Amino acid sequence: MNSASAGPLDASSRSDCAVRVWETSPGEAAARTINSKVLRLYGTALRAEIEASLAALGASDLSLALDDQGALPFTLRARIETAVRRLRPETRRTIAKVANGPNTSSRRRSLRRTRLYLPGNTPKLFINAGLYGADAIILDLEDAVAPAEKDAARILVGHALAAVDFGPSERMVRVNVGAAGLAEIEALAPLGVDVFVLPKVETPAAVAAAHDAVLRAGGQAGLLVTLESARGVMAAAEIAAAPGVVAMTLGLEDYTADLGATRTADGVESAWARGQVLNAARAAGIQPLGSVYPAIDDDAGFARWVRRERDLGHEGVACLHPRQVALAHAALAPGDAEVAAAERVIAAAARAAGGVTSVDGRMVDAPVVARARRVLASKEPG
């Protein structure tokens, strides 16, 4: 009997479900078996969702068994679609852009202090993601997803984009490298992705291919490029100037591994590369963004590292845990004295109307004004 499954086998996987579908024997009715801790309350709704999902996939003739651990409808739809596609690869796509849905309008931001990574195949982390306060949420299809689950993660992220309200956070998706990533971009670009994160970028051609994929799909997403090798860093200027790029960062773990170096607390082994990326980003007029801090439980070390990244010129950092978001915002925020000084510079420059002036005994010229504007732009919104 041909069958296929999707979803975690672990019964403790909260807010998720496991689905198995199989070909029904000739002359038999399609079976439906539902095991759910909320069956008494939501059994009718679960059955209706199952039938609607199978019908949309043209698969009502399949038998189905569901083991539910409190999955929301978008997760149930995604797991059913994954199982059906695994059994019948020719099945048509069912995710559609939701008119007037929560994530259909672009929320591209100019402030990207924090971007929080969430594994793309873990729906329980999506549900409250908009409450974490990150400037951007990254739904990760690359390193955080096992190779055998890449298809499931892409389908789940698509359904989440169409159904989950991520609040004011910019919606980012980190795709895979090469042809797989281009296919993910084309599938997800119409669903409200604001920025695609491109990993392991080494050439401008790779960026151009991703930008073309966004346009083919009718999306409006920008591109955040990640340089993770010596070859990528050497091409930083050309990559930063490629079409569609809005920001650039350095993937320190992969970069130091490519060098054969050890990642240290002071970052001496990657100082030259960070300078290259920062200069390339500024020269191209895009945002330089800091990498992740690997020690999730070291809050003090994380705060020191964020301040160092800010002082180097980075406009934001990546976070691996929701707790790091508030810590990063506090470490990146200018102090009251710094804000007051910047406001005095802007006011004096306005009074001078292009002429020479000074503030606090220091001459105010164009670079000083630009730095003051950057300080004010980095203030906490509101």
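The values are calculated or read from the model by the stated rules, or taken from the named source; none is laboratory data. Predicted model only: the values in this text are computed from it and were never measured. Note that we place each Cβ from the backbone using ideal geometry, even for glycine, and neighbour counts take in every protein chain shown.
Yes/no per residue for (1) at pLDDT below 95; (2) polar (S, T, N, Q); (3) surrounded by fewer than 23 Cβ atoms within 10 Å (Cβ to Cβ):
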| residue | (1), (2), (3) |
| --- | --- |
| ALA206 | no, no, yes |
| SER229 | no, yes, yes |
| GLU238 | no, no, yes |
| MET248 | no, no, no |
| SER270 | yes, yes, yes |
| query | How many of the residues in the range 144-172 are surrounded by fewer than 19 Cβ atoms within 10 Å (Cβ to Cβ) and touching an Asp or Glu at 6+ places or on another chain (Cβ under 9 Å)? | reply | 2
| task | All but one of (1) assigned to a loop (DSSP other than H, G, I, E, B); (2) at pLDDT 95 or above; (3) among the charged types (D, E, K, R) hold for ARG93, so report the exception by its number. | result | (2)
| field | Unique match (being touching a Lys or Arg at 6+ places or on another chain (Cβ under 8 Å) and modelled with pLDDT of 95 or more) among LEU76, LEU57, LEU87 | value | LEU57
| remark: Expected single match for under 24 Å from the mean Cα position of the chain (by Cα) and without any contact (Cβ under 8 Å) to a residue 24 or more places away in the chain among ASP297, ASP254, ASP266 is ASP297
| message | Here's a check for you: in the range 322-350, which residue that is without any contact (Cβ under 8 Å) to a residue 40 or more places away in the chain and within 16 Å of ASP299 (Cβ to Cβ) is surrounded by the fewest Cβ atoms within 10 Å (Cβ to Cβ)? | response | ALA330
| task | Name the one entry in VAL225, VAL214 that is modelled with pLDDT of 95 or more, among the β-branched types (Val, Ile, Thr) and more than 24 Å from ARG113 (Cα to Cα). | result | VAL214
| message | Pairs please, first residue from the range 29-44 and without any contact (Cβ under 8 Å) to a residue 60 or more places away in the chain, second anywhere and assigned to a strand (DSSP E or B), Cβ atoms under 6 Å, 6+ apart in sequence or on different chains. | response | ALA30/SER63; ALA31/SER63; ARG32/LEU64; THR33/ALA65; ILE34/LEU66; ASN35/ASP67; SER36/ASP68
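It is to be established whether one or more residues within the range 262-284 are assigned to a loop (DSSP other than H, G, I, E, B) and touching a strand residue (DSSP E or B) at 6+ places or on another chain (Cβ under 7 Å).
First, pick out the residues of the range 262-284 that are assigned to a loop (DSSP other than H, G, I, E, B): 262-267.
With touching a strand residue (DSSP E or B) at 6+ places or on another chain (Cβ under 7 Å) added as a condition, the list becomes none.
No: the range 262-284 contains no residue that is assigned to a loop (DSSP other than H, G, I, E, B) and touching a strand residue (DSSP E or B) at 6+ places or on another chain (Cβ under 7 Å).
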| Just to be sure, is ALA187 within 19 Å of the chain's Cα centre (by Cα), surrounded by fewer than 24 Cβ atoms within 10 Å (Cβ to Cβ) and modelled with pLDDT of 95 or more? | yes
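Return the only residue of ASP360, ASP297 being among the charged types (D, E, K, R) and not assigned by TED's automatic domain parsing to the domain that holds GLY133. Outline the logic, then answer.
Details: ASP297 fails: not assigned by TED's automatic domain parsing to the domain that holds GLY133.
Being among the charged types (D, E, K, R) and not assigned by TED's automatic domain parsing to the domain that holds GLY133 holds for just one of ASP360, ASP297, which is ASP360.
Output yes when any residue across the range 169-177 is out of contact with any strand residue (DSSP E or B) (no Cβ under 7 Å at 6 or more places or on another chain), over 21 Å from ARG93 (Cα atoms), at pLDDT 95 or above and among the charged types (D, E, K, R), and no when none is. Talk me through it step by step, then tell me what you get.
Kept after step one, since they are out of contact with any strand residue (DSSP E or B) (no Cβ under 7 Å at 6 or more places or on another chain), are these residues of the range 169-177: 176-177.
Adding the requirement that they be over 21 Å from ARG93 (Cα atoms) leaves 177.
Imposing the further condition that a residue be at pLDDT 95 or above reduces the set to 177.
Filter again for among the charged types (D, E, K, R), leaving none.
Checked the range 169-177: no residue is out of contact with any strand residue (DSSP E or B) (no Cβ under 7 Å at 6 or more places or on another chain), over 21 Å from ARG93 (Cα atoms), at pLDDT 95 or above and among the charged types (D, E, K, R).
I need the full set of residues from the range 23-51 which are in a helix (DSSP H, G or I) and surrounded by 15 or more Cβ atoms within 10 Å (Cβ to Cβ), in order please. Walk me through how you get there before you give the answer.
Initially, the range 23-51 is screened for residues in a helix (DSSP H, G or I), giving 39-51.
Within the range 23-51, TYR42, LEU46, GLU49, ILE50 qualify.
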